[in-house]
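Engineer: The structure is given below, and queries will be raised subsequently.
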Amino acid sequence: MRKLRVGILGATGAVGQHMVIALQRHPWFEITEVAASDRSVGFAYAERVAWRMSEPIPEPVGRLRIKECAPPLECDFVLAALSAELAKNVEYEFAAAGCPVVSNSSYYRMHERVPLVIPEINADHLRILPHQQKAESFGRGFIVTNPNCTTIGLCLPLAPLHRRFGLEKVFITSMQAISGAGYTGLHALDIFDNVLPHIDGEEPKVVDEPKKILGKLHGDAWVHEEFAVSAQCNRVPVEDGHTICVSVGLRNKPSLEEVKAAMREFRGLPQEVSLPTAPAYPVIVSDENNRPQPRLDLRAGGGMTCVVGRLRPCEILDYKFVTLSHNLIRGAAGAALLNAELLYQQGYLR
Ligand code: NAP
C-alpha cells in the first residue's frame, strides 16, 4: 500500500516536533514536506530546528529542506501547527488549492462549515465537509480542526456524562503547562516559582468549543448544545500536561458509581476501528486519592488517554473530579493525527 504523503506546516515548533515523532513508523502516512517561517526556509530540518524531543530526529525528516508555508507542496494533505493569525490565510490557501488541511489552530474552529472534531465524540461531524467543499469551491481540499488543548482534556470525560445524564452546568479551573504557550511563548522569569491567572484568549475557547463538539449536525447546520460553562484558566510551572478541576451539574441524578462507569465504559469510533493513534481507553478513572499527576500519568495511552481522579460528590453542583491530559499529544499533535486517521478511514483523504 502506498503511504499518503504528509506536509507539516509549523514543523519546527512545539506541536510540529510532536507531529514529526508521532508520524515516524506510521502505517498509513509518511512525511514528505516540512514548512516553517521565512527564517527557516531553505535549511535542512535537522540543521534549523531547535529539537526538544527525547528521541532523535528521524533521519529522513532531518534531511528534508524546509519550505515556505504556501501551496503547492509535494504531499496529499497537510497537518497544520501555525498560529491562528497565520492559519487564517495559509490554511485557506491550501484548501483552495485542493489540499486537505488537518488543523490544530483556533482560527476556523467555530466556523459554521468547519468541523471541530474529537474522533471519539463527534466523528459524524465530518459530514459537513462536502458542504464546505461546495460552498468554498475547494475541490478536493477542506479544513478540519481539532479543539483547544484544554477543551479536549475537558470534553473526553464530559462526553460520556452528557450522553447518559445530560450536562447542565460545568465549572472548571485549569492548571496549564508552560509548553502550551509554544517554545517562544513564555519567559522563564515570568513562570518560574509562579502562577499566572490569565491565558490570553483561552477561557472563551474552553467555554464555547464544548458546545459545538457535543452539539449535533443537522444537514449543513449545527445545533450547539446548551449548558453553562464557567472557566478560569491558569498557567502553572509544569512542563507538559494540563490539569483541570471540574464540577458538573447533571440533568438526571446518577449515583457516583454510575458516573464512574460512564467514564470507564466510554469508547468511540477510533477504538472500534482501531485507528493507529487511538488509545485503548480514551478516559481512565483512578481510584487513588492523589492522582492524576502530570509526572506520573501524562503518558497514559501514549499521551492519548485522559486520566481522571478524585471523582466525588460536589457540595455545590453534583460531582467533581480532576482530569489530566497531554497538551502536546492528546491536545495537539496526536489530536490532529487522530483526525487525519479518521479522515483516511472514512474515505475523505483518498
Ligand atoms: P510554536 O512552538 O511557537 O511554533 C510555531 C511554528 O510556526 C514554528 O514552526 C514557526 O517556524 C512557524 N512560524 C512562525 N512564524 C511563521 C510565519 N510567519 N510563517 C510561517 N510559519 C511561521 O507554536 P506551537 O506551540 O507549536 O503552536 C502551534 C499552533 O498549535 C498554535 O496555533 C497553537 O495555539 C496550537 N496549539 C498549541 C498547543 C500547545 O500545547 N503548544 C496545543 C494545542 C494547540 P520558525 O521555527 O521558522 O519560526
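None of the figures in this text is laboratory data; all of them are computed from the coordinates on show. Just so it is clear, the model here is predicted, and its values are computed rather than measured. Note that we place each Cβ from the backbone using ideal geometry, even for glycine, and neighbour counts take in every protein chain shown.
Engineer: Return the long-range amide H neighbours of residue 103 (sequence gap of 5 or more, or a different chain), with a cut-off of under 5 Å between placed amide H atoms.
Structural biologist: Result for residue 103 returns 80, 144, 145, 146.
Engineer: Here is a follow-up. Can you put 216, 253 in order, fewest other beta carbons within 10 Å first? Present the calculation step by step, with values, prior to reporting the outcome.
Structural biologist: Details: 216 12, 253 9.
Placing the least packed residue first, the sequence is 253, 216.
Engineer: Here is a follow-up. Report, to one decimal in Å, the Kirkwood hydrodynamic radius for segment 149-326 based on all distinct Cα pairs. Working shown, then result.
Structural biologist: Details: mean 1/r = 0.0594 Å⁻¹.
After inverting the mean inverse Cα-Cα distance, the result is 16.8 Å.
Engineer: Another question, if that's okay. In whole angstrom, how long is each semi-axis of the equivalent ellipsoid of the chain, when you take the square root of 5 times every eigenvalue of its Cα gyration tensor and sort them from largest down?
Structural biologist: In descending order, the three semi-axes are 32, 23, 18 Å.
Engineer: I need the peptides 242-252, 279-289, 221-231 ranked by packing, meaning the mean over residues of other C-beta atoms within 10 angstrom, with the highest value on top.
Structural biologist: Details: 242-252: 20.1, 279-289: 17.7, 221-231: 15.0.
Going by the mean number of other Cβ atoms within 10 Å, highest first, we get 242-252, 279-289, 221-231.
Engineer: Can you list the residues, at least 5 places off or on another chain, whose amide H is less than 5 Å from the amide H of residue 69, using H built in the peptide plane?
Structural biologist: Close amide H contacts, sequence-distant or interchain: 36.
Engineer: Net charge around residue 113, counting only other residues with Cβ within less than 9 Å of its Cβ (Lys, Arg = +1; Asp, Glu = -1)? Don't skip to the answer; put the middle values down first.
Structural biologist: Numbers: positive: none; negative: 112, 136, 220.
My count for the surroundings of residue 113 gives -3.
Engineer: Using alpha carbons only, how many degrees (0 to 90, rounded to 10) separate the axis of helix 256-265 from the longest principal axis of the chain?
Structural biologist: Approximately 20 degrees, to the nearest ten.
Engineer: A further question on this structure: Would you calculate a helix-derived [θ] at 222 nm for the chain, using -39,500 (n - 2.57) for each DSSP H run of n ≥ 4 and dividing by the full residue count, to the nearest 500? Numbers along the way, then the final one.
Structural biologist: On the way: 13 runs with 107 residues, N = 350.
Computed ellipticity for the chain at 222 nm equals -8500 deg cm²/dmol.
Engineer: Nearest 10 degrees, 0 to 90: what angle lies between the long axis of helix 14-23 and the longest principal axis of the chain (Cα atoms)?
Structural biologist: Compared with the principal axis, the helix lies near 80 degrees.
Engineer: Relative to the longest principal Cα axis of the chain, at what angle does helix 84-96 sit, 0 to 90 degrees, rounded to 10?
Structural biologist: 60 degrees
Engineer: May I ask what percent, to the nearest 5, of DSSP beta bridges between residues of the chain are antiparallel? Could the numbers behind the result be given before it?
Structural biologist: Details: 25 of 56 bridges.
Given both bridge residues lie in the chain, the antiparallel proportion sits at roughly 45 percent.
Engineer: Which listed residue (185, 165, 346) has the Cα farthest towards the positive end of the charge dipole for the chain, taking +1 on Lys and Arg C-beta and -1 on Asp and Glu C-beta about the Cα centre?
Structural biologist: The residue sitting farthest along the positive end of the dipole is 346.
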